[in-house]
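For reference, the structure discussed in these notes is given below.
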Amino acid sequence: MAGQTEATGIGTNVGGSSDHPIIPRAAYHQLFDSEARPIAVVDLGLQLVDANQSLEEEIGLARSELLGASVADLWAIDVHDLAVELDQRLVEVGVIETAAGPAPQAPSVPTATLFFTPLDHLGQLVGYTMTFVSEEARLNRRHLSLDAEGFDLSFDQVAVGMLLSGMDGYVLKCNPAMVRLFDRSIDEIAETDLISMIHPDDRTNVISQALRLMTGEIDSYSQETRLLAGDGTPVWVHETATCIRDADGNLLHFMTQFVDIGDRKRAEEALLKSQSTIKFLFNGIPVPLLQLDDALRISEGNASLAALLGRDPIGLSIADVVHAEDMIKLGEAGATLAPDTDWIIDIRVRRHDGSERLVRSHGRIQVDDDGRFQSATASWHDITDAKEQEDRLRLQASTDSLTGLPNRAAFLERLTEATAAARTPAEVGVLFIDLDKFKPVNDRYGHEAGDQLLCQVARRLRSCVRSTDLVARLGGDEFVVLLDLTLPGSEGRVIGQRIVERLAHPFTTSHGTFAIGVSVGLAHGNPDSHPRELIHRADLAAYQAKAGGGSRLAIAHP
């Protein structure tokens, strides 16, 4: 035989070519041991490397004559075209079928249909299994499938429940799968009409469909229904029924197929229960929750979200809810956020009545395989009240409770920032103001009179400075001013003198009119200036002004 090579034995390299992987018997021995059909193993070059006894008998050649032969040595096949088809389509379709007559050099080989399937070993394609079906065997099987015996075999062996029933509803024939499905014996099924084995709630619909079949209104129907097992337990099935008629159109019987869908139904019920539980929890959580679709519309939202917005949120565009400036923040976060990672952003949302609430948005985006936005989920914690309380506490911590001016801590913070930002030390100046005759008023007329006087001093000081300057109360009767000397023509002495002159005018309180005067010290920053040191130098200058008789300005030496 052309192309024939000497057999080298089972389990050795009989691949026929060193260009193709060795096919160890471990890759196919289970198939050979269990398969009665004629099969062979071929390498990637389509040379036979092993064959079972059934193939030897069908072809009429000994195993030693088959091993090492090419498929083309046995059948009239273009090996190149077959190899290309196996390479390009086998992974996609799983099996390649080709019909072939005997090769000229092997006229005794029967005409056959060859089926090739991939043979893998350790995750690598090493060859193919070839199943041989002779033309005679194919025709015999076709004949058997079409005669009565073949029908009975098919009816009995099919894995789904099948039964034939007469016009009176009684079962004429059923297969073993139907017996298992009903959990009844064949005799029990034969003695019972089919309708009585249908769940009472489904009987009306089944009868209605059967009548439509009988009258010819429909040729068949499919539906989900419930049967009753032998112990009365409902069994969910997918029912497909049709009428079998003779050549004249007369009804002979019904043929019905029942597919057990109990597992699917139980899974659906469990899923619905799970979804119902999740929905219950979703709506019951006292935190607004939402989901956005790919059009940035709210597709899901719980009751807390509706309460926050004051309306039904479903279908609303996120842009109709979130403040325009904060939409930019969300967009920037989404553009830089990696998939399946979270963002936390404070945003303002608009209520139906036009008011705004500040929420802390904790969210996550989902993208498709190409990285395109699909949806986003988020929780919105309303932090409006907490933020307002935080601001109040911050204000209280930085504000003098009597005058409403910034306190010592706030002044030091601003002075530190100004000193750090100044291009030159001379851009920062501090005025220290000490009330000359406050103590006698406070001692004689009490703290109420003193407090009124301090509040009026605070207001008058504000009127003496510019919007860029900062007036603060250090405590007692001591005030300070942080001067912004970056503006053209800014002179600390001018502002300091203005304070001296204006605070020389009397103050009127509910306890009387008082002229108290002030002593003011001015200190400019220098390269060695520290905020506290700058205040100290201004304080010393104010002390010098008071020692000189008060109601005057003194300038600290650099």
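Every number here is computed from the coordinates shown, using simple stated rules; none is lab data. On a predicted model such as this, the values are computed, not experimentally measured, just so you know. Neighbour counts run over all protein chains shown; Cβ positions are idealised from the backbone, glycine included.
Relative to the compact-globule estimate of 2.2 N^0.38 Å, the Cα radius of gyration of the stretch 400-555 comes out at 1.00. For the chain, the longest principal axis of the C-alpha atoms and the axis of helix 148-157 are separated by about 30°. Could you point to the label whose value was computed as Kirkwood radius over Cα pairs in Å for the structure here, given (1) 24.1; (2) 35.2; (3) 32.5? Label of the calculated value: (2). Given R0 = 30 Å, the distance between the Cβ atoms of ALA386 and ARG466 translates into a calculated FRET efficiency of 0.25. Considering only SER379, VAL349, GLY334, the residue lying farthest towards the positive end of the dipole of the stretch 285-387 is VAL349, judged by Cα position with unit charges set on Cβ. Across the stretch 453-467, coupling constants 3J(HN,Hα) worked out from phi with the 6.51/-1.76/1.60 Karplus curve, θ = phi - 60°, read 5, 5, 5, 5, 4, 4, 5, 5, 4, 4, 6, 8, 10, 8, 5 Hz, and Gly and Pro carry x. Rounded to the nearest 10 degrees, the angle from helix 384-398 to the longest Cα principal axis of the chain is 30 degrees.
With a sphere of radius 14 Å drawn around the Cβ of GLY230, what net charge do the other residues whose Cβ falls strictly inside it have (Lys, Arg +1; Asp, Glu -1)? Spell out each step's value before the answer.
Numbers: positive: ARG180, ARG184; negative: ASP183, ASP187, GLU188, GLU191, ASP231.
Net charge around GLY230: -3.
Report the local net charge at ALA307: Lys and Arg +1, Asp and Glu -1, summed over other residues whose C-beta lies under 14 Å from its C-beta. My count for the surroundings of ALA307 gives 0.
Full extension of the chain segment joining THR111 with LEU125 gains 2.2 nm, where the gain is 0.36 nm per residue of separation less the Cα-Cα distance.
Could you please report the charge total around ASP183, scoring K, R as +1 and D, E as -1 over all other residues with beta-carbon less than 12 angstrom from its beta-carbon? Value of the local net charge: -1. What's the tally of Lys pairs in the chain whose alpha-carbon atoms lie under 28 angstrom apart, where the two lysines are 8 or more places apart or on different chains? Close lysine pairs under the 28 Å cut-off: 6.
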